[in-house]
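Report on one structure; see the data block that follows.
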2 protein chains.
Amino acid sequence: MASAATIARNCRKVMCIGRNYADHVKELNNTKPKQPFFFLKPPSSILLPGAGPVLRPKGVNMHFEIELGLVMGKTVRDLHPEDTQGALDAIDGYLLAIDMTARNVQEEAKVRGLPWSIAKGFDTFLPISNLIAKSRIPDPQNAHLWLSVNNEIKQSDSTGLMLFRIPRQLSDISKVMTLEAGDIILTGTPKGVGPVRTGDVMKAGLQVNGKDIEEANMEVP
Amino acid sequence: MASAATIARNCRKVMCIGRNYADHVKELNNTKPKQPFFFLKPPSSILLPGAGPVLRPKGVNMHFEIELGLVMGKTVRDLHPEDTQGALDAIDGYLLAIDMTARNVQEEAKVRGLPWSIAKGFDTFLPISNLIAKSRIPDPQNAHLWLSVNNEIKQSDSTGLMLFRIPRQLSDISKVMTLEAGDIILTGTPKGVGPVRTGDVMKAGLQVNGKDIEEANMEVP
Ligand SMILES: [Mg+2]
Ligand SMILES: [Mg+2]
Ligand SMILES: [Mg+2]
């Protein structure tokens, strides 16, 4: 099975969906999107397991967003939004990931109509878990994500709450840009996002049918 | 010398500066930035020489933006903005590139405070020339870019007009994210951007001291 280092090395694009859980849309005072929207993070932002800490740039209000990640296994173009089997077949495996966000930089970008690439793209802004074998998550819309800061649970929700499900996400992305083996897709974050300060420790994990998936366990200083 | 195909294969991030020529800022009714801002294009958007045409997605007002591209030759972090020698040393070579933009999608993203990744990231939205050896452009701030549509010149300006010069660009980017060998930087477009329609032919080129640089010649249907 591919190590996280191999995943990072093979990754040429990280595509993330925004506002994909209704309660998270509300907590940031955003409007519920009529269609999914996406942004890129650079592969250089990946932080391997154990390679922490996450670095907080000066003057940045740094937020965590726990997300289920997909590692693509093949080239995908123009996937049909209801092609659930096609979507599953294109996925090589899963990982847990924290979409770290410079929230104040992002808020300013939004107001000024500027790109999000800087707010999302700092080095270390994408801690990932080890690869989770596909067989470990029989239904990616039925997994439970959680994240704690200093052992206090901040996010804990089911991937069943996604507004746009994975086939629709892969469809919308692949109508714009070809998905390639090694690409990573982040599927959005549930409610509960918030700040981390230098010295805080984030832990995160994933459960399927009430059982912890060990490979997903993350501890990020 | 690396072929364009090798450059595309080795590229893991394409970072582009916005609003870097004063007259182009004006033509799009934007405000002149106090500091450079950047956005990512996915490597999957690269269109190799001769591999055209550029594909116009349905309902998209597709604009050309001719730009000088830098191909990075080494890892760069925290470059000093006045380290001209350090910047030049980090560059492996140049290319000419067209930053194709879904202008209506971008305008809507700006108004709604959404990311630019889709507007900039469609397949074929980054036609590149062959690699231009570093020795062919002794001073990257003293080269002349041009682009024509159906043999009518649309853009023709000197890289000397950049608001933020290359060392400052590499400095600002590398303070946010590590630049890696193979990364491509697009340095902004001069005035004259405009639409292309299916069937139009774009040609572009680069002159140094009044002489055409042959490797830079592009013809993109
Ligand atoms: Mg996110
Ligand atoms: Mg963006
Ligand atoms: Mg541009």
Could you order the peptides A:106-112, B:70-76 from most to least packed, using the average number of other C-beta atoms within 10 Å per residue? B:70-76, A:106-112
If you rank A:16, B:11 by fewest surrounding Cβ atoms within 10 Å, what's the result? B:11, A:16
Whole-number D in µm² s⁻¹ for the range B:111-212, Kirkwood Cα-pair radius fed into Stokes-Einstein, 20 °C, 1.002 mPa s: 134 µm²/s
Where the centre of each part is set by its Cα atoms, how far does the range B:43-71 sit from the range A:30-51, in angstrom? 24 Å
Residues of A:87-99, mean number of Cβ from any other protein chain within 10 Å of their own Cβ, rounded to a whole number? 0
Can you give the Kirkwood hydrodynamic radius for the range B:153-213, in Å, rounded to one decimal and based on Cα pairs? 14.5 Å
Kindly identify the range A:4-220 as rounded, prolate or oblate by the Cα gyration tensor criterion: order the square roots of the eigenvalues as a ≥ b ≥ c, call it rounded if a/c is under 1.5, otherwise compare a/b with b/c, prolate if a/b is larger, else oblate. rounded
What's the exposure ranking of A:99, A:23, going from fewest to most Cβ atoms within 10 Å? A:23, A:99
When the gyration tensor of the range B:1-104 is built from Cα positions, what are the square roots of 5 times its three eigenvalues, in whole Å, from largest to smallest? 25, 22, 11
Taking Cα centroids, how far is the range A:119-143 from the range A:152-221 in Å? 6 Å
Inter-chain Cβ neighbour average for residues B:15-25, partner chain, 10 Å: 1
Assertion target for B:135, B:45, ordered by fewest C-beta neighbours within 10 angstrom first, is B:135, B:45
Give me the lysines in straight-line cross-link reach of residue A:74: C-alpha distance below 16 Å, same-chain residues under 8 apart excluded. A:13, A:134, A:175
Prolate/oblate/rounded call for the protein assembly as shown, Cα gyration tensor, a/c under 1.5 rounded: prolate
Run down the lysines and flag those whose C-alpha is under 17 Å from the C-alpha of residue B:154, throwing out any fewer than 8 positions away in its chain. B:26, B:191, B:203
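Each value in this text was obtained by applying a stated rule to the coordinates, not by laboratory testing. Note that the coordinates shown come from a computational prediction; the quantities given were computed from them, not determined experimentally. Glycine gets a Cβ as well: all are built from the backbone with ideal geometry, and neighbour counts include every protein chain shown.
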